[in-house]
Amino acid sequence: MLMPFDLMPRSDKKLVGMVHVGATPSAPNNTRSVHELVLQATVEAKLLQQSGFDAVIIENMHDIPYVHGDDLSPDVTATMTAVACSVADALSIPFGIQILSGGNTRALAAAHASGGAFIRCENFVFAHVADEGLLNKAEAGALLRYRRAIGADSVKVFCDIKKKHASHAITEDLSVKDFAEGAKFFGADGLIITGSSTGKQTAIEDVRQAREAVDLPILVGSGVTPENASGLLEFADALIVGSWIKLDGDWTNAVDESRAEQMVRAVHG
């Protein structure tokens, strides 16, 4: 098992690249076979490693519009597990998995089966209204019990707080500090702080509040660029980069090698 972020020195800042797996077979926008999806994701993951990224996350973001939880088709889990196994064979750096939307036990099972180091979990604590509907049930209790049941304690759970693409009117009286403390209390292994949507910059003040609230790994999850990386890393342990490293800075495109290398230089010199 590769070293997860919570065992890495706090001074050793990390750069995590997003691999957006193409639309899975049951998704409306699917145009490719599972074999083609696996191949493309593996090529992009290898490119990120070669460019100098410290870890990658595979995610089914192309499965728009999302369904949630029990409405996820089995082919999504099967495809993401196939991708994860191929990525595991190709990489020597840690990788994580996110299955949208709310496919957290599925992501955990796929990570456990393939050797993944972590999953990204939305709705770990509290409730909110996302673009796929009302997410009224916190995931933490059932998810961590499932992790114990399948013997996957080595797979870390990094959770979004005040997740992007969502309204937080229900919890308007709770600050980033409150969310961070709640997530730690419920057993999160790390926190992900984002802007309001994909590609939107994360507020440094939000990252600072999370950093001061808890002694957990803090990851920034959206809007990272070479220009704002150093400011975010004053408080964050790792930066997750998706949109900026893609061709033309558009998350729907393939990874652009030159932009990926530029991002690495901005963080690691």
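Values quoted throughout were computed directly from the atomic coordinates according to the rules given, and no laboratory measurement underlies them. Since we're looking at a predicted model, the values are computed, not measured. So basically every Cβ, Gly included, is an ideal-geometry build from the backbone, and we count neighbours across all protein chains shown.
Label segment 12-268 by shape, choosing from rounded, prolate and oblate, from the square roots a ≥ b ≥ c of the eigenvalues of the Cα gyration tensor; if a/c is under 1.5 it is rounded, and otherwise prolate applies when a/b is larger than b/c, oblate when it is not.
Working: a/c = 1.42, a/b = 1.09, b/c = 1.31.
Rounded.
Spatially close Lys pairs in the chain, defined by Cα atoms under 15 Å apart and a spacing of eight or more places or different chains, total 11.
Shape call for segment 178-269 from the C-alpha gyration tensor, a ≥ b ≥ c root eigenvalues: rounded (a/c under 1.5), prolate (a/b greater than b/c) or oblate?
Prolate is the answer for segment 178-269, as a/c is 1.5 or above and a/b outweighs b/c.
Which peptide among 122-128, 13-19, 246-252 comes first, and what is the full order, when sorted by highest mean count of other Cβ atoms within 10 Å?
13-19, 122-128, 246-252
In terms of its C-alpha gyration tensor, segment 1-141 comes out oblate, because a/c is 1.5 or above while a/b does not outweigh b/c. Computed per residue of the chain from DSSP H runs no shorter than four, each worth -39500 (n - 2.57), the mean residue ellipticity at 222 nm is -10500 deg cm²/dmol. Counting only DSSP beta bridges whose two residues both lie in the chain, roughly 20 percent are antiparallel. FRET efficiency for the pair Ser167 and Gln201, taken as 1/(1 + (r/R0)^6) with r the Cβ-Cβ distance and R0 = 22 Å, rounds to 0.70.
For the pair Glu227 and Lys46, what calculated FRET efficiency results from E = 1/(1 + (r/R0)^6), where r is the Cβ-Cβ distance and R0 = 25 Å, to the nearest 0.05? In this case the efficiency is close to 0.40. Near the amide H of Ala55, within less than 5 Å, lie the amide hydrogens of Leu15, Gly17, all on another chain or at least 5 residues away, with H placed in the peptide plane.
The distance between label points at Thr252 and Ala149 comes to 3.9 nm (points 7 Å beyond Cα on the Cα→Cβ vector).
In this Cβ point-charge picture (+1 for Lys and Arg, -1 for Asp and Glu), the chain has a dipole of about 400 debye about its Cα centre. The phi-based Karplus calculation (6.51 cos²θ - 1.76 cosθ + 1.60; θ = phi - 60°) puts the 3J(HN,Hα) values of segment 153-159 at 4, 6, 7, 7, 10, 9, 10 Hz, whole numbers, x for Gly and Pro. Listed peptides 56-69, 169-182 appear in the order 56-69, 169-182 once ranked by packing, highest mean of other Cβ atoms within 10 Å at the front.
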